[in-house]
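The values are calculated or read from the model by the stated rules, or taken from the named source; none is laboratory data. Since the model is a prediction, treat every value here as computed from it, not as a measurement. A quick note on method: Cβ atoms are made from the backbone with ideal geometry, for glycine too, and the neighbour counts reach across all protein chains shown. SASA here: full protein model, heavy atoms, side chains in, ligands and nucleic acids out. Shrake-Rupley method; radii C 1.70, N 1.55, O 1.52, S 1.80 Å.
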Amino acid sequence: MPHPVTDTLSERDARRIARHAPAADAARFLHPAQQALLHRRGWLTMLAPRSAGGAELPLPQAVRLEEAVATVDGSMGWVLTLCAGAGWFAGFLAPDMARSIIGTPRVCLGGSGAATGYAEEEGDGYRITGSWDYASGAPMSTHFTLNARLQRAGQPLLDADGKPRIRAFLVPAAQVQLVPSWSSIGMRASASHSYRIDAQWIAKEHGFAIDATAATADGPLYRYPFYSLAYVTLAANVAGMAAHFMELAEECMRHRRHARAGLPLLEVPEVAAMLQSKKDAFAAARARFYAVLDDSWATVAAGAALDNDAMQAVQASSLALVAVCRAAVDGLYPYCGLYAAREDSTINRVWRDFHTASQHALLLP
């Protein structure tokens with residue numbers, strides 16, 4: 001039976017996550033206690049349909065939880081976000097298939113959005129071959145999602161515009177080979193490794209289309225546009241890491257003196273004003289981000305579709321928040337001293353995590 005979802009982060013859980021974050025970073029994967037918490041709280045299936053055994057949380061609620069976890073540990077917030085996001089795909093699978101997958105003990109869905117493989121039609125299914133990168137949470141994933149180009153008799157299938165037809169698939173981990181490849185400076189514990197599939201056959205029911213018109217679950221969560229969902233969930237993670245960094249940076253600055261002014265840093269008017277301006281800009285951008293998210297969700301929950309202007313507003317508010325976060329982290333780092341450059345310091349880990357997560361392709365300035 002799936003665990004009932006806990007939709008907020010308690011102080012006790014936050015302390016548990018933080019306590020194991022240094023060990024997870026050193027081991028380059030989430031600590032067993034962190035993994036257990038993800039399962040126990042039901043977070044990995046929080047975006048899967050209730051009809052399949054998931055929690056189907058309203059999106060604004062899920063995004064706020066993802067930000068809260070990322071504020072404590074960037075890698076854990078990222079794994080939660082990417083794996084729960086892959087669980088959202090259950091809303092586009094055949095209902096029986098969705099129930100079977102979400103009902104898997106300690107289920108965790110990982111994967112990649114790149115179409116770097118092929119799916120050859122064969123009988124009542126497909127034979128899949130290819131390799132994919134950046135599957136966050138890969139070592140704990142029970143299933144992998146992927147995009148593949150469709151083929152028949154070795155020839156690509158084309159759409160009406162003459163472009164290769166691409167279909168999404170969900171494949172059990174038993175048919176997938178992990179390829180350890182994650183060696184970034186940050187987000188080490190996300191274990192975002194590569195994976196490959198070598199001519200493995202799967203039934204056609206493992207394929208699905210990520211489109212509101214193809215949703216098999218009825219809730220508004222599955223009518224919310226995919227890219228809009230991606231923008232808000234990624235931006236919330238970056239915001240969580242930036243908030244953590246600003247808190248740690250202020251603490252560093254509290255214990256440093258300005259060499260030329262001879263005063264504690266925070267007593268230098270220009271420095272204090274700069275810090276406050278970063279905090280104010282972050283608060284304003286974050287408030288705007290959640291206002292746009294909440295408004296867009298209300299539209300979809302009321303039964304309407306987001307038009308292009310609404311989707312652009314979601315994207316713009318997400319990227320604006322990320323830009324303010326970059327400015328805050330990069331602006332404050334020089335005031336934090338050599339302690340912030342120590343690899344074993346918390347602020348250094350958060351700095352590394354932030355600068356790795358914010359490199360995501362969707363978050364280009």
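At-a-glance table
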{"item": "Bins of 10 Å, starting at 0 and running to the largest distance - Cα pair percent for the range 1-135", "result": "12, 38, 33, 14, 3, 0"}
{"item": "Segment Tyr227-Asp280, extension gain: residue separation times 0.36 nm, minus the distance between their alpha carbons", "result": "16.3 nm"}
{"item": "Rule-of-thumb Rg ratio for the range 188-267 [Cα; 2.2 N^0.38 Å; N residues]", "result": "2.03"}
{"item": "The range 130-258 shape via C-alpha gyration tensor axes, a/c threshold 1.5", "result": "prolate"}
{"item": "Segment Gln312-Arg50, extension gain: residue separation times 0.36 nm, minus the distance between their alpha carbons", "result": "91.4 nm"}
{"item": "Inter-site label distance for Ala26 and Thr104 at 7 Å from Cα along Cβ, in nm", "result": "3.2"}
{"item": "With 5 Å bins from 0: P(r) over the range 55-162, alpha-carbon pairs, percent", "result": "2, 11, 16, 18, 20, 13, 9, 6, 3, 1, 0"}
{"item": "Kirkwood hydrodynamic radius over Cα pairs of the range 143-194, then Stokes diffusion coefficient at 4 °C and 1.567 mPa s, in µm²/s", "result": "95"}
{"item": "Glu251/Gln155 FRET efficiency (R0 45 Å; Cβ-Cβ; nearest 0.05)", "result": "0.15"}
{"item": "MRE, 222 nm, helices only [DSSP H, n ≥ 4, -39500 (n - 2.57), over the chain, to nearest 500]", "result": "-15000 deg cm²/dmol"}
{"item": "Positive dipole terminus of the range 49-101, leading residue within Leu80, Leu59, Ala98 (C-beta point charges)", "result": "Ala98"}
{"item": "Accessible-area composition of the chain, carbon plus sulfur, in percent [1.4 Å probe]", "result": "54"}
{"item": "Cβ charges +1 (Lys, Arg) and -1 (Asp, Glu), total dipole of the chain, debye", "result": "840"}
{"item": "Span-rule helices in the chain, defined as complete DSSP H runs reaching 15 Å or more along the axis (Cα) with Kyte mean at least 0.0", "result": "59-72, 74-88, 226-254, 269-301, 308-332"}
{"item": "Cα-Cα separations in the range 44-117 greater than 15 Å, expressed as whole percent", "result": "54"}
{"item": "Charge context of Ala243, other residues only, Cβ under 12 angstrom, K/R +1, D/E -1", "result": "0"}
{"item": "Residue-span extension gain [Ala304 to Asp198] - 0.36 nm each, minus C-alpha spacing", "result": "33.9 nm"}
{"item": "Point-to-point label distance, Ala273-Arg12, nm (Cα→Cβ direction, 7 Å offset)", "result": "4.7"}
{"item": "As computed over the range 111-169, the Cα convex hull volume per residue (Å³)", "result": "84"}
{"item": "Within straight-line cross-link reach of Lys278, aspartates and glutamates at Cα separation under 13 Å, skipping those fewer than 8 residues along the same chain", "result": "Glu247, Glu250, Glu270, Asp330"}
{"item": "Positive-end residue of Gln177, Thr216, Ala236, charge dipole of the range 140-236 with Cβ unit charges", "result": "Gln177"}
{"item": "Trypsin sites (Lys or Arg not before Pro) restricted to the range 237-279 and DSSP loop, no more than 12 other C-beta within 10 Å", "result": "Arg260"}
{"item": "Three-way shape label, the range 231-359, alpha-carbon gyration tensor, a/c 1.5", "result": "prolate"}
